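Asker: The structure is given below, and queries will be raised subsequently.
Just so it is clear, none of the values below were taken in a lab; they were calculated from the coordinates. All values reported here derive from a predicted model rather than from experimental measurement. Heads up, the Cβs are rebuilt from the backbone with ideal geometry, glycines too, and the neighbour counts pull from every protein chain shown.
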Amino acid sequence: MSEQINIDELLTEMASSIKEHTGRSGHEDPLMIGIKRGGAWIAKQLHEQLGYSDPLGELNIAFYRDDFSTLGMHPEVSPSQLPVDIKNRHIILVDDVLYTGRTIRAAMNEIFDYGRPKSISLAVLIDRSGRELPIQADIIGKTIILNEGEHAKLSGPEPLALEIKQTG
């Protein structure tokens, strides 16, 4: 994949889409939560652009992954930070790349351990093919199709850059 992706432009478009989505759904003053690492970087940028009153939440899903036994412990495990009560709140969950759907499933499991939100909307910078679970984003920065053996990874936080690499 040789196309250059302008992340700042995508973030501006995503912020506009989030405003439209929350307005259309009647989800006033939602709580934004980013999935560590890349999702939290994206959420921070969106949170600043949207000017939400509640502090930004951050999830570390390391213990909730279904591949924990095969991947082992990640060396940078730190606790999740949800600074406000999530019960009956509209949540915007943010991640960098939506691929199989397993990261989002793990994030939702952790969210429900904190309480039952009223709704969860998913915003992702990149949506790519390869879903293994029936999960789809409500707000998408860009949809890309990668070739066999390619992997999309966000690096950052300053500056944010999307890298397409061969796996293996």
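Asker: In debye, nearest 20: dipole of the range 7-166 around its Cα centre with unit charges on the Cβ of K, R (+) and D, E (-)? List each step's numbers first, then the result.
Answerer: On the way: 17 positive and 24 negative charges, 74 e Å.
My answer is approximately 360 debye.
Asker: A further question on this structure: Which residues' amide hydrogens lie under 5 Å from the amide hydrogen of LEU82, considering only partners 5 or more residues apart or on another chain, with H built in the peptide plane?
Answerer: Residues meeting the amide H criterion: GLU58.
Asker: Kirkwood Rh over alpha-carbon pairs of the chain, then Stokes-Einstein at 37 °C and 0.692 mPa s: what D in µm² s⁻¹, rounded to an integer?
Answerer: Working: Rh = 16.3 Å.
Stokes-Einstein gives a translational diffusion coefficient of 201 µm²/s.
Asker: As a check on your grasp of the helix formula, calculate [θ] at 222 nm for the chain: sum -39500 (n - 2.57) over DSSP H runs of n ≥ 4, divide by the residue count, round to the nearest 500.
Answerer: Working: 4 runs with 49 residues, N = 168.
It lands at -9000 deg cm²/dmol.
Asker: Arrange the following residues from fewest to most other Cβ atoms within 10 Å of their Cβ: ASP54, ASP127, ASP113.
Answerer: Values: ASP54 13, ASP127 20, ASP113 9.
Fewest-to-most ranking of ASP54, ASP127, ASP113: ASP113, ASP54, ASP127.
Asker: Could you work out the relative contact order of the chain? I mean the mean sequence separation of Cα pairs under 8 Å and 6+ apart, divided by the number of residues, in percent.
Answerer: Details: 305 pairs, mean separation 38.3, N = 168.
Value for the chain: 23 percent.
Asker: Taking the chain, how many lysine pairs are there with alpha carbons less than 21 Å apart, if each pair must be eight or more places apart or span two chains?
Answerer: 13
Asker: Order of 119-126, 92-99, 19-26, 138-145 by packing, highest average Cβ count within 10 Å first?
Answerer: Values: 119-126: 22.8, 92-99: 25.1, 19-26: 12.4, 138-145: 17.1.
Ranking, from highest mean packing down: 92-99, 119-126, 138-145, 19-26.
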